Amino acid sequence: MCPQYSKTNEQNVRDFAQYPELRYLNRFHLIVPTVLGITLTAIGILCQQYIPQLKTTGLQMFVWGFCLSTLLLYHTTFTINSLAHIFGYRRFDTTDSSRNNLFLALITLGEGWHNNHHYYPASERQGFYWWEIDITHYILKLLSWLGIVWNLRTPPSQIYDHLSSTLKNKTSQIIRIDDSNAD
């Protein structure tokens, strides 16, 4: 909320800066949450007036639909940026302390595969393997099949090749260690 950081350096995000709708949202970032809050409140008031058996009010809709959901979103984001640098395993040797964590991935719809993300941030898919549950990826894949989104970037094959060779080296080291202990 500091004015020092309110201006976006578009040179750092040239791929996003080419879309006028994203530049608009960046410039007028308070419009969408304001409209959402007003809309939810209005829906609650309409429900209270026309469907009283729901026992819903404008305040309830505002608190549950806007305030608590925003609070939950912020806290899960902050959780990833803190706990995913402390708990979990490191598949890739990155310059930071990022880690992959199944529990965090489940509660954040895939963001818990943080070490994968730091190794190859251009990918929309953060769970690189089928067993790494990434619900955001599944939703984006469905939207791409429906033609709503396109040009999804997935990890290139070199990443999987690197992991495969790394696993073979580690396995051969384990086998050699076990063979040397057999004497």
Per the list (1) part of a helix (DSSP H, G or I); (2) under 30 Å from residue 42 (Cβ atoms), residue check on residue 115 breaks on (2)
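Table: residues versus (1) acidic (Asp, Glu); (2) more than 25 Å from residue 13 (Cβ to Cβ); (3) at pLDDT 95 or above.
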site	(1), (2), (3)
48	no, yes, yes
58	no, yes, yes
92	no, no, no
96	yes, no, no
101	no, yes, yes
115	no, no, no
121	no, no, no
125	no, no, no
130	no, yes, no
Find the residue count for region 120-155, including only residues that are within 21 Å of residue 98 (Cβ to Cβ) and touching a residue at least 24 places away in the same chain (Cβ under 8 Å). 15
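Considering only region 35-74, state which residues are β-branched (Val, Ile, Thr) and either farther than 28 Å from residue 3 by Cβ or surrounded by fewer than 11 Cβ atoms within 10 Å (Cβ to Cβ) (or both). So that I can check it myself, show each step before the final result.
Step one: filter region 35-74 for residues β-branched (Val, Ile, Thr), giving 35, 38-39, 41, 43, 45, 51, 56-57, 63, 70.
35, 39, 41, 43, 45, 51, 56, 57, 63, listed by residue number.
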Considering only residues of region 71-107 that are closer than 26 Å to residue 161 by Cα and among the aliphatic types (A, V, I, L, M), which is nearest to the chain's Cα centre (by Cα)? 105
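Does at least one position in region 101-119 carry a residue that is of a type in the set (A, V, I, L, M), in contact (Cβ under 8 Å) with a residue 12 or more places away in the chain and crowded, with 17+ Cβ neighbours inside 10 Å?
Step one: filter region 101-119 for residues of a type in the set (A, V, I, L, M), giving 102, 104-107, 109.
If we keep only those that are in contact (Cβ under 8 Å) with a residue 12 or more places away in the chain as well, we get 102, 104-107, 109.
The next check asks that each one be crowded, with 17+ Cβ neighbours inside 10 Å; those that pass are 104-105.
There is at least one residue in region 101-119 that is of a type in the set (A, V, I, L, M), in contact (Cβ under 8 Å) with a residue 12 or more places away in the chain and crowded, with 17+ Cβ neighbours inside 10 Å.
When you check residue 86 against the structure, is it without any contact (Cβ under 8 Å) to a residue 40 or more places away in the chain and not in a loop (DSSP other than H, G, I, E, B), yes or no?
On the way: without any contact (Cβ under 8 Å) to a residue 40 or more places away in the chain: yes; not in a loop (DSSP other than H, G, I, E, B): no.
Considered against the rule, which asks whether it is without any contact (Cβ under 8 Å) to a residue 40 or more places away in the chain and not in a loop (DSSP other than H, G, I, E, B), residue 86 comes out as no.
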Test result for residue 137, buried (at least 18 other Cβ atoms within 10 Å of the Cβ) and at pLDDT 95 or above: yes
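Considering only region 1-83, give the helices (runs of 4 or more DSSP H) lying wholly within it that have at least 1 residues that are outside the structural domain of residue 104 (by TED's automatic domain parsing) and within 26 Å of residue 115 (Cα to Cα).
Correct list: 14-17, 69-83.
The values are calculated or read from the model by the stated rules, or taken from the named source; none is laboratory data. This is a predicted model, so every value here is computed, not measured. Here the Cβ is made from the backbone with ideal geometry for all residues, glycine too, and neighbour counts use every protein chain on show.
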